[in-house]
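**Q** Have a look at this one.
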Amino acid sequence: MSNLSRREFSYLLTIKRYNDGGEGAKINRIAKDLKIAPSSVFEEVSHLEEKGLVEKKEDGVWITNNGTRSINYLIKAHRVIEILLVNIGIDKQTACEYSKQFDYLVPGEIIDKLYNYLGRPSYCPHGLEIPL
């Protein structure tokens, strides 16, 4: 479903944190949070806007519905892979680290099949909800 890079995902999560607090994300705040130059953040936000994942408004940057779907897909992929790794005997912290290495590369069809195979779990090994 999603073709986000790990970098794009990091930006979207940072922007989402501000949006969840009821405010648009400012370029300077995103830059500070990600420890990246504001000019680089501006460029990446423009890229995300071209992809339809964010929208720049007067009061800051906002995640679009497509952006939210992409975030939720990658969160689901990460947590499903984490469960699979824990089920085969890897401790949950190591499973989380391994999952970060390739969760964004696994096609949606495989994530959906794993999700069903694992019994459609609601929570990951850390107790965090798996988005649908």
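**Q** In region 95-131, how many are open to solvent by 80 Å² or more (accessible area, probe 1.4 Å), among the aromatic types (Phe, Trp, Tyr) and over 13 Å from LEU85 (Cα atoms)?
**A** 2
**Q** Can you tell me how many residues in region 43-55 are open to solvent by 70 Å² or more (accessible area, probe 1.4 Å) and either closer than 12 Å to ALA25 by Cβ or not in a helix (DSSP H, G or I) (or both)?
**A** 2
**Q** Does any residue in region 24-39 that is open to solvent by 60 Å² or more (accessible area, probe 1.4 Å) come within less than 9 Å, Cβ to Cβ, of a residue that is in a strand (DSSP E or B) six or more places away or on a different chain, and which pairs are these?
**A** Within 9 Å, the pairs are LYS26/GLY60; LYS26/VAL61; ARG29/GLY60; ASP33/ALA25.
**Q** Mind listing just one residue for me: the one in region 94-109 that is part of a helix (DSSP H, G or I) and among the aliphatic types (A, V, I, L, M) and, of those, farthest from the chain's Cα centre (by Cα)?
**A** ALA95
**Q** Select, from VAL54, VAL80, the only residue that is touching a helix residue (DSSP H, G or I) at 6+ places or on another chain (Cβ under 6 Å) and closer than 20 Å to SER122 by Cα.
**A** Within the list VAL54, VAL80, the selection yields VAL80.
**Q** Inspect region 61-83 for any residue being more than 24 Å from LEU132 (Cα to Cα) and open to solvent by 80 Å² or more (accessible area, probe 1.4 Å) and give the result as yes or no.
**A** Scanning region 61-83, I find no residue that is more than 24 Å from LEU132 (Cα to Cα) and open to solvent by 80 Å² or more (accessible area, probe 1.4 Å), so the answer is no.
The values are calculated or read from the model by the stated rules, or taken from the named source; none is laboratory data. If you're wondering where the values come from, they're calculated on a predicted model, not measured in any experiment. Using ideal geometry, Cβ is built from the backbone for each residue, glycine included, and neighbour counts are taken over all protein chains shown. All accessible areas refer to the heavy atoms of the entire protein, side chains included, with ligands and DNA or RNA removed. Shrake-Rupley method; radii C 1.70, N 1.55, O 1.52, S 1.80 Å.
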